[in-house]
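Data block below; observations after.
The values are calculated or read from the model by the stated rules, or taken from the named source; none is laboratory data. Remember, predicted model here, so these are calculated numbers, not experimental data. Don't worry about glycine lacking a Cβ; one is built from the backbone with ideal geometry, like all the others, and counts go over all protein chains shown. Protein only, heavy atoms only, side chains kept; ligands, DNA and RNA dropped before computing areas. Shrake-Rupley method; radii C 1.70, N 1.55, O 1.52, S 1.80 Å.
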2 protein chains.
Amino acid sequence: MLALAATGSTTADEGMWLFNDLPAKTLQTRYGFTPTAEWADHLMKASVRFNSGGSASFVSSTGLVLTNHHVGADTLQKISTPDHNYYQNGFYAKALADEIPAPDLELNQLISIQDVTQRVQNAVSSDMAPSAAALARRAIMAKIENESLESTGLRSDVVTLYGGAKYHLYRYKKYTDVRLVWAPEAAIAFFGGDADNFEYPRYDLDACIFRVYEDGKPAKTAHFLKWSDHGVNQDELVLVSGNPGRTNRIFTLAALKHQRDARLPYVLNFIRRREILLQQFGLESPERERRAHEELFGFQNSRKALTGMLQGLQDPRFMGHKEQAERDLLKQIAGDPKLRALASAWDRIAKLQQRRKELLGQGVSLNTQLYQMAETLVRMAAEDKKPSPEQLREFRASNRQSLLQQLFSPAPIYKDLEQAKMADLIGFMMEQRGGDDPWVLKVLDGKSPADRAAELIAATQLHQVDYRRKLADGGADAVQACKDPLIRLAALMDPESRRLRKIQEEIQEEERQAYAKVAEAVFATQGTSTYPDATFTLRLAFGTVRGYHEDGQPVAPWTTFAGAFRHESVHAAREPWQLPQRWHDRKSQLDLDTQMDFVCTADIIGGNSGSPVVNRNLELVGLIFDGNIQSLTADYYYSEKQARAVAVSSAAIRAALRTLYDAQRIADELGR
Amino acid sequence: MLALAATGSTTADEGMWLFNDLPAKTLQTRYGFTPTAEWADHLMKASVRFNSGGSASFVSSTGLVLTNHHVGADTLQKISTPDHNYYQNGFYAKALADEIPAPDLELNQLISIQDVTQRVQNAVSSDMAPSAAALARRAIMAKIENESLESTGLRSDVVTLYGGAKYHLYRYKKYTDVRLVWAPEAAIAFFGGDADNFEYPRYDLDACIFRVYEDGKPAKTAHFLKWSDHGVNQDELVLVSGNPGRTNRIFTLAALKHQRDARLPYVLNFIRRREILLQQFGLESPERERRAHEELFGFQNSRKALTGMLQGLQDPRFMGHKEQAERDLLKQIAGDPKLRALASAWDRIAKLQQRRKELLGQGVSLNTQLYQMAETLVRMAAEDKKPSPEQLREFRASNRQSLLQQLFSPAPIYKDLEQAKMADLIGFMMEQRGGDDPWVLKVLDGKSPADRAAELIAATQLHQVDYRRKLADGGADAVQACKDPLIRLAALMDPESRRLRKIQEEIQEEERQAYAKVAEAVFATQGTSTYPDATFTLRLAFGTVRGYHEDGQPVAPWTTFAGAFRHESVHAAREPWQLPQRWHDRKSQLDLDTQMDFVCTADIIGGNSGSPVVNRNLELVGLIFDGNIQSLTADYYYSEKQARAVAVSSAAIRAALRTLYDAQRIADELGR
């Protein structure tokens, strides 16, 4: 009944494949299609990663980048003001000079992948204690990255694959001058709002367009996708190139139970808490609502996604299948003297879940923008004095530029919102660690969470970019002399925060070692032709355009503009089912049969938002923006029975640009 | 800085006083007022308790009952239909015949109070184990109540006071034919909505009017309040007669810490979860929104109240004072050989908090209407076979009529809403007890929480009153033979549910014994002239009409109609700051200087909603509907620095009835 994916046993259109290990045989067998090396290289280089969390693609030789409205939302929010709400009302740059710089975007274009497994493994011997092994692994990874950065000038990241069985070096070209070109109104980008999120049929134009610049001019992007205006056909092969964030398909039963019984309930409680907090914050005034809006949307989206994930894990039928599969695998390796020793990995993972559970909610790092900046400044000053192998990973030389771009972002910071979150986070820490915990008492400094947050946020100067820059430039001496209350608090909490970080890294190291064995068992029994769990790096997924059945009824594979108008009237045009005025004004000029959104069987997950959907000729036919509700368990398994990826049709985007948004300049550039 | 109330040390206008032990001396000293026995008897009998949770008063000789819109909301919701939303749009019965019967209201009028402490104490000897003591206490209480019911025909409840140091028998006249006469629109009853809730200044007409009937005719109510149209004066003495639900001012430091670190965080997580669930349920359609609305309001209200309560406990300054007071008291009793032995009570209470913590979230009784009915039917069948002393308290003979009124209520039950809640509650139980828990597996029956809930709710027939009545009449045989899936599930879970109930009652019994000692220590060191913690029974509070300072600014003691219009325009008439149309249409006919809401220093808490505020001449001057945000810690301590009770002015109610609601018939009856 359920297609159960563990690494190694893939079925149907399953898989998030490495670009240096594409499923050539499957594609050939199922679809008579063999991607050439040139084909793969072109698609890889036409794909783009947003550091704010999302995927995209180059869609012109002049630097145009297509992604989702909800991926661009972070920037739309940051460039908006009380008078110009680009998030809500959309934006279009009539001329090149009108394109608005994003304050802190970094876009990554993958240039090459290199297997460095042997070098990493050689640096870590099997008799090391977990803490020593973690340190050694961190050191060799930093070394490889720094060497690569120095020799190529490219952003260089060593990526851990198959839970720790393989290590690949990814090199990226970075774009940091990124400007907004076009975004539609939130009302059509997110038509149906929270109610329709993860539902299908959908009628969203969840798209926006940026442009990358080099030396103040539009970048010349040799690798870009052609643009199809023809829509997709039933059962057509489509391919998705994007950066799925994280899957956990390798998880053992014990790890899944930890997710089900401890981690997901914990995270969901926090999300609901934050959701209510942001709603309450916004009640006061439209301006406060605007400030909190994008973050609120993010939490609503996560809540709905994680609820779906948890519901999957709470289904005894799914867990029963998973249990059976694990039992079978363990039986197989028990019967093989060469593999028998691997079985200990499952016990080890089970034990580590208990330690993970104990860590839940123990964190003392307050997750607000200003506090995080304070912590970064405090730590950077300390880490910069250490030899490279001992540095915390985010402070390695090869990551410094990206780190500073975030730290010195000129994006607005709203002190009223920061204060509300800070008060709630101190209260939350108090709930989690108990009101008598010594570290909680340090944070409180004798005041209530609300009073303490008010005092901290009122006095800090960290909201000023220059102040942050001066502290960063001044290094350890400047930080030590600094009287800013958030800097002082972050410094005070640093020992406890580092202690917890160390425990976390030890657990991760032990899990890496254990999962490397699990992967070994899977490779040995089911073959090596498989894909690793997602790691927010570039992957290829594939599938066909296909509807499905829900409650016995067929669901068609695509929707049209006409359907959007029908969907609006079914809901009596109540919020959030109100099309923007321009859609009504120009309805008669639209070809109402134009495909709007469509579904396909490709295997995607969060992070894939904004991924281009291409046909075998590398023409862009769609733009991934969602999965349906049945796909929310994709973290743990893939099924093509009902689970679908949801995309905006490229035909709809160009038609809307031309007919509704008077964006001829850009519509003409697309695909050229 | 903080006025710390423990029983025994009252300050200022503190106290929720027993009607058989009024603070005569304080009233005389502070206000030169001595309530006579007739005065107290009249006010007691003019006061009314709503079993749905709230207070009220008789305001005419013809059975008119005044309470809050939000107390009447439960009934407004139950009598509403998709076509007539009385909750949202209000209601007025033009003629007596138009008054709408409430489906399941029971109103209680307190007739007498009798001290039965000695009889209860005699039945419980100090060498009994907690479980035996709990049973013995339950038995004697049921015996006293049944005897009283038989001899007087009145509802008879033994109430535990001072945490277990005293027991009083309360006798009530019951009214069960209660009809709705008038309610304003939710927009003005709850003007400012969730945003303004617990805030001040306020501009709410949170009032509605019912009438009690006997033998199909308006009841003759000899004891009723006269009506004042003159408003209140600065510093005027006012008295509040109502049913505060629960306070915990006797709590020891360990018990307060349990609230702070375990219980309140747990409850708030659940409330936020339910709030999101109900919001999501309502997104789909206006009708679903209507169905979920009143419950959503209730959860929002609780969330805001408990958040305020928790914030008080998270203030180290408050806890520091509490700790100091406890230390002082313990020192005093340690120095007195006669009292020394009482100190063990504090340790016992501290130990019991750990057991309380372990019980949090362990419950297996699914709190939806239909499941609760199933459980009641299953248990009633079993309990009715037992001798009276062994019966669970809610099944005692003296409570049967009230129980059946709820069980056979014809109020609508919405299966879609029941299903959504059931699915969530099963998921919640799974999170709390873990997915491998045997009782969780019984509930799931091999399906996911959502699938299981869908199957249970689709098949049950318990939504039909006749079906429930037949099962109740059929007793144990009928229940045993019944195939209804909710009945079967409730029967299946009953052993575990009873096991937990037993543990709970043992803890309560041990706490009762311990707190009786704490009370003894307080009486011995601070005198007996004090008030017990609130128990949702009739109490008298007093205070003066007085403003306060907030953030250095004075807050005036009352608002006017003019202020309501200003408040609307300050918020640009956005939801929820939109006055009903009739307010605008007839604005010119209103005396805009009429007092609308006012604050006073009386000591109130949840349950006091709907309490009459009277002057010393027993004229109704106001109607309690809220406390300000600074009063939310009243559960644990009283302070008159900023904490205020908030009331609707009686002048505003009658003016609105006459000028805006064309309700001359009722306006003329008030106070006569």
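Some points to look at:
- Lone qualifier among B:Asp466, B:Asp477 - being away from chain A (no Cβ under 14 Å), surrounded by fewer than 18 Cβ atoms within 10 Å (Cβ to Cβ), closer than 25 Å to B:Glu106 by Cβ and out of contact with any strand residue (DSSP E or B) (no Cβ under 8 Å at 6 or more places or on another chain): B:Asp466
- Test for A:Gly245: is it more than 12 Å from chain B (Cβ to nearest Cβ), at positive phi and open to solvent by 10 Å² or more (accessible area, probe 1.4 Å): no
- Residue within the range B:217-225 that is free of Cβ contacts under 8 Å to residues at least 60 places away in the same chain, away from every other protein chain (no Cβ under 14 Å) and surrounded by fewer than 20 Cβ atoms within 10 Å (Cβ to Cβ) present: yes
- Count - residues of the range A:638-672 that are outside any helix (DSSP H, G or I) and open to solvent by less than 30 Å² (accessible area, probe 1.4 Å): 14
- Annotation: of all residues in the range A:439-454 being closer than 16 Å to A:Pro495 by Cα and either facing chain B (nearest Cβ under 9 Å) or among the aliphatic types (A, V, I, L, M) (or both), the one that is farthest from the chain's Cα centre (by Cα) is A:Leu441.
- Against the numbered list (1) buried (at least 18 other Cβ atoms within 10 Å of the Cβ); (2) more than 14 Å from every other protein chain (Cβ to nearest Cβ), B:Pro389 comes up short only at (1).
Each row is one residue, and each column tells you yes or no for (1) at pLDDT 95 or above; (2) hydroxyl-bearing (Ser, Thr, Tyr); (3) open to solvent by 40 Å² or more (accessible area, probe 1.4 Å); (4) in a helix (DSSP H, G or I).
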{"site": "A:Leu352", "(1), (2), (3), (4)": "yes, no, no, yes"}
{"site": "A:Tyr371", "(1), (2), (3), (4)": "yes, yes, no, yes"}
{"site": "A:Glu375", "(1), (2), (3), (4)": "yes, no, no, yes"}
{"site": "A:Lys385", "(1), (2), (3), (4)": "yes, no, yes, no"}
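- Matching entry among B:Asn608, B:Asn628 (being in contact with a Phe, Trp or Tyr (Cβ under 6 Å, 6 or more places away or on another chain) and open to solvent by less than 10 Å² (accessible area, probe 1.4 Å)): B:Asn628
- Residue in the range A:252-266 that is touching an Asp or Glu at 6+ places or on another chain (Cβ under 7 Å), polar (S, T, N, Q), farther than 26 Å from A:Gln88 by Cα and open to solvent by less than 40 Å² (accessible area, probe 1.4 Å) present: yes
- Count of residues meeting criterion [of a type outside the set (Ser, Thr, Tyr) and either at pLDDT below 95 or open to solvent by 30 Å² or more (accessible area, probe 1.4 Å) (or both)] in the range A:175-193: 4
- The condition of being closer than 30 Å to B:Pro82 by Cβ, assigned to a helix (DSSP H, G or I) and of a type in the set (D, E, K, R) holds for only one of B:Glu394, B:Glu358, B:Glu295, that being B:Glu295.
- Boolean, A:Arg348 is assigned to a helix (DSSP H, G or I) and open to solvent by 40 Å² or more (accessible area, probe 1.4 Å): yes
- Extreme residue, surrounded by the fewest Cβ atoms within 10 Å (Cβ to Cβ), among residues of the range B:106-153 that are under 30 Å from B:Lys220 (Cβ atoms) and touching a Ser or Thr at 6+ places or on another chain (Cβ under 7 Å): B:Asn146
- Pairs linking a residue in the range A:290-304 that is closer than 20 Å to A:Arg246 by Cβ to a residue that is in a helix (DSSP H, G or I) and open to solvent by 40 Å² or more (accessible area, probe 1.4 Å), with Cβ atoms under 8 Å and 6 or more positions apart or on different chains, are A:Asn301/A:His70.
- If the condition is being within 8 Å of chain A (Cβ to nearest Cβ) and free of Cβ contacts under 8 Å to residues at least 24 places away in the same chain, then the range B:263-279 contributes B:Asn269, B:Ile276.
- Taken together, the residues in the range B:397-437 that are of a type outside the set (D, E, K, R), farther than 30 Å from B:Arg138 by Cα and assigned to a helix (DSSP H, G or I) amount to 11.
- The single condition among (1) facing another protein chain (nearest Cβ under 10 Å); (2) more than 26 Å from the chain's Cα centre (by Cα); (3) crowded, with 19+ Cβ neighbours inside 10 Å that B:Asp436 does not satisfy is (3).
- Residue in the range A:276-295 that is of a type in the set (A, V, I, L, M, F, W, C), at pLDDT 95 or above, open to solvent by less than 20 Å² (accessible area, probe 1.4 Å) and more than 25 Å from A:Phe625 (Cα to Cα) present: yes
- Some residue of the range B:115-127 being more than 28 Å from B:Gly63 (Cα to Cα), at pLDDT 95 or above and either of a type in the set (D, E, K, R) or part of a strand (DSSP E or B) (or both): yes
- Residue under evaluation B:Gln234, criteria (1) assigned to a loop (DSSP other than H, G, I, E, B); (2) open to solvent by 10 Å² or more (accessible area, probe 1.4 Å); (3) under 25 Å from B:His69 (Cα atoms), criterion not met: (3)
- Some residue of the range B:228-239 being within 24 Å of the chain's Cα centre (by Cα) and in contact (Cβ under 8 Å) with a residue 24 or more places away in the chain: yes
- For the range A:543-559, filtered to residues that are outside any loop (DSSP other than H, G, I, E, B) and in contact with a Gly (Cβ under 8 Å, 6 or more places away or on another chain), the residue that is farthest from A:Ser55 (Cα to Cα) is A:Pro554.
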